[in-house]
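What follows is one structure encoded as structure tokens, with my remarks underneath.
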Amino acid sequence: MLLAIDTSTGTSVAVVDRDTGVLAETGTGDTMRHAEVVGGFIRDALADAGVRADELSGVAAGMGPGPFTGLRVGIAAAHAFALGISKPFVPIVSHDAIAWCWYRDGGAGTLQVVTDARRREFAVSEYDGLDVDGLPVRTDGPRLVPRDDVPGARGIRLDAAVVPAGAVGMLAEFAYVAGRLPLADDAPLYLRAPDVTPSAGKRVLQ
């Protein structure tokens, strides 16, 4: 079983099991309160699933793409929880989880996944079905595109307001079975620098 967390858009937390699927999932589309709600969502998801922290085999996290402030909250929470229970941390590209969920639900053909990156930009990834292991084939992205310049989708365009943590966790489970972990680097996909950078400081005259 895995705890899964994604804060690349809204906030979503789930507990999943490879054999039985999503045991519990909770979240919100609010893009401003990740730090305030993620702890409560972790508690609620575990309680709803009837799972103790020491029963988990790891913690999966959506690595984005997403805005700096929100994305780092979920990744930090997932890292801290994994460290606290001495279990592996499993990074997953958030767009891959959306695509995996869409194809597993019966979608076919090419897919364009689009999420709001703010500042009048979208994060865009392109997919072309599932491979022999049942994992999504990403053909392009993720990349930032001005809202008015998103290329026309060759197949279906899917705009996602929330990345379901259940999909993040189940993709991690299927990748584990296929011997394909890690699917992503343990590095956030911010796609742009943070708004605030450290000051160079004042020069001190001797």
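Throughout, read-outs are computed from the coordinates displayed, never taken from laboratory work. Everything numeric in this text was worked out from a predicted model, so none of it was measured. So basically every Cβ, Gly included, is an ideal-geometry build from the backbone, and we count neighbours across all protein chains shown.
The table that follows gives values for the structure above.
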{"read-out": "Residue with peak Gaussian network fluctuation, the chain [Cα springs, cutoff 10 Å], from ALA35, ALA165, ALA45", "value": "ALA35"}
{"read-out": "GNM flexibility winner over the chain from SER86, SER94, SER125 (Cα, springs under 10 Å)", "value": "SER86"}
{"read-out": "Global geometry of the stretch 2-177, whether rounded, prolate or oblate, following the gyration tensor of its Cα atoms and the 1.5 cut on a/c", "value": "oblate"}
{"read-out": "Fewest-first ranking of MET170, MET1, using other Cβ atoms within 10 Å as the exposure measure", "value": "MET1, MET170"}
{"read-out": "Student exercise, the chain dipole from Lys, Arg, Asp, Glu Cβ charges, in Debye to nearest 20", "value": "820"}
{"read-out": "The stretch 128-169-the stretch 43-80 distance, computed between alpha-carbon centres (Å)", "value": "21"}
{"read-out": "Mean Cα-pair separation over length for the stretch 2-177, i.e. relative contact order, pairs under 8 Å, 6 or more apart, %", "value": "28"}
{"read-out": "Sorted by Cβ density within 10 Å, fewest first, the residues ILE85, ILE156, ILE92", "value": "ILE156, ILE85, ILE92"}
{"read-out": "Residue exposure sequence - ASP128, ASP140 - by fewest surrounding Cβ within 10 Å", "value": "ASP140, ASP128"}
